[in-house]
Amino acid sequence: MAKPIDAIDRKILKALLGDGRLTNQQLSEAVNLSPAPCWQRVKRLERDGYIQGYMALLDQELLGASEIVLLEVTLDRHDDDAVENFGRAMAAMPEVLEVYLTTGEYDYFLKVAVNGTAGYEEFLRKRLFKVRGIRHSRTSFTLRCLKKAYSVPPDAERSGG
């Protein structure tokens with residue numbers, strides 16, 4: 001079971017959320033802690049699952065997938081095999097960035113990166129529509145991203161730690 005986090009842990013997480021490439025020296029200075037205890041805390045936060053990994057954020061436009069499409073998908077069946085098959089199929093598609101199993105009118109919410117409408121048509125014909133069991137889908141192209149976050153900031157007021 002993960003140990004609850006304190007104010008110093010929250011400062012560490014917030015600093016790493018802002019820049020995951022901070023050296024231990026830079027991080028220890030940012031949170032006003034000597035390097036050895038800072039390193040130990042980071043290792044504990046990783047071990048306990050508060051830090052799940054580190055990544056590079058890539059420029060989708062430079063990579064040729066500048067458009068983000070949001071899809072709502074309904075399956076024609078909801079048994080374990082249908083749900084597992086859909087999940088595996090989505091995991092295998094590199095342009096599918098996120099997949100959520102949802103409540104409501106649709107079963108899944110997908111975030112997909114494509115190269116314009118032609119790239120989206122290709123995604124539909126060559127990828128999505130080849131997946132068995134899809135009854136219906138609805139698409140929205142995003143116009144502009146107003147906020148992008150990858151984690152909730154570890155504010156002191158928030159519970160959970």
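The separation of region 9-62 from region 79-157, counted between C-alpha centres, amounts to 29 Å. 3J(HN,Hα) along region 48-58: 7, x, 5, 9, 8, x, 10, 8, 9, 9, 9 Hz, from the Karplus curve 6.51 cos²θ - 1.76 cosθ + 1.60 with θ = phi - 60°, whole Hz, x for Gly and Pro. Is the shape of region 32-104 best called rounded, prolate or oblate, per the rule: a/c under 1.5 gives rounded, else a/b larger than b/c gives prolate, else oblate, with a ≥ b ≥ c the square roots of the Cα gyration tensor eigenvalues? Oblate is the answer for region 32-104, as a/c is 1.5 or above yet b/c matches or exceeds a/b. Ligands, DNA and RNA left out, the 1.4 Å accessible surface of region 28-153 is 50% carbon and sulfur atoms.
I need to check one value: relative contact order of the chain, counting alpha carbon pairs closer than 8 Å and at least 6 residues apart, in percent. Please report the intermediate quantities before stating the final value.
Numbers: 168 pairs, mean separation 47.2, N = 161.
In percent, rounded to a whole number, it is 29.
Quick one: among Gly116, Gly49, Gly64, which has the greatest mean-square fluctuation in a GNM of the chain with alpha-carbon springs under 10 angstrom? For the chain, modelled as a Gaussian network with Cα springs under 10 Å, the answer is Gly49. Rounded to whole numbers, the Karplus 3J(HN,Hα) couplings from phi for region 121-136 are 4, 5, 4, 4, 5, 8, 10, 4, 6, 8, 7, 6, x, 7, 8, 7 Hz, using 6.51 cos²θ - 1.76 cosθ + 1.60 with θ = phi - 60°, and x at Gly and Pro.
Put simply, the amide H of Ile51, placed in the peptide plane, has neighbours under 5 Å in Glu46, leaving out anything fewer than 5 places away on its chain. In this structure, the amide hydrogen of Leu97, modeled 1.01 Å from its nitrogen in the peptide plane, lies closer than 5 angstrom to those of Lys111, Val112, Ala113, counting only residues at least 5 positions away or on a different chain.
Relative to the dominant Cα principal axis of the chain, helix 35-47 is inclined by about 30°. Between Leu75 and Asp107, Arg135, the built amide H atoms are under 5 Å apart, and every one of these is 5 or more places off in sequence or on another chain. Which is the longest part of the chain that has none of the chymotrypsin sites (Phe, Trp or Tyr not before Pro) sitting in a DSSP loop with at most 10 other Cβ atoms within 10 Å? Answer - 55-149. Restriction of the GluC sites (Glu not before Pro) in region 21-80 to DSSP coil positions whose beta-carbon has at most 11 other beta-carbons within 10 angstrom yields Glu61. For region 81-87, putting each phi into the Karplus relation 6.51 cos²θ - 1.76 cosθ + 1.60 with θ = phi - 60° gives couplings of 5, 5, 5, 5, 4, 5, x Hz, in residue order, rounded to whole numbers and with x for Gly and Pro.
Only four residue types carry charge here, +1 at the Cβ of Lys and Arg and -1 at the Cβ of Asp and Glu. Report the dipole size of region 1-137 about the Cα centre in Debye, rounded to the nearest 20. Each step should come with its number before you reach the end.
Values: 18 positive and 21 negative charges, 108 e Å.
That gives a dipole near 520 debye.
Seen against the Cα atoms of the chain and their longest principal axis, helix 7-18 is set at about 50 degrees. In the context of the full set of protein chains, region 76-161 has a per residue accessible area of 74 Å² (1.4 Å probe).
The values are calculated or read from the model by the stated rules, or taken from the named source; none is laboratory data. None of the values given here were measured: they were computed from a predicted structure. A quick note on method: Cβ atoms are made from the backbone with ideal geometry, for glycine too, and the neighbour counts reach across all protein chains shown. All accessible areas refer to the heavy atoms of the entire protein, side chains included, with ligands and DNA or RNA removed. Shrake-Rupley method; radii C 1.70, N 1.55, O 1.52, S 1.80 Å.
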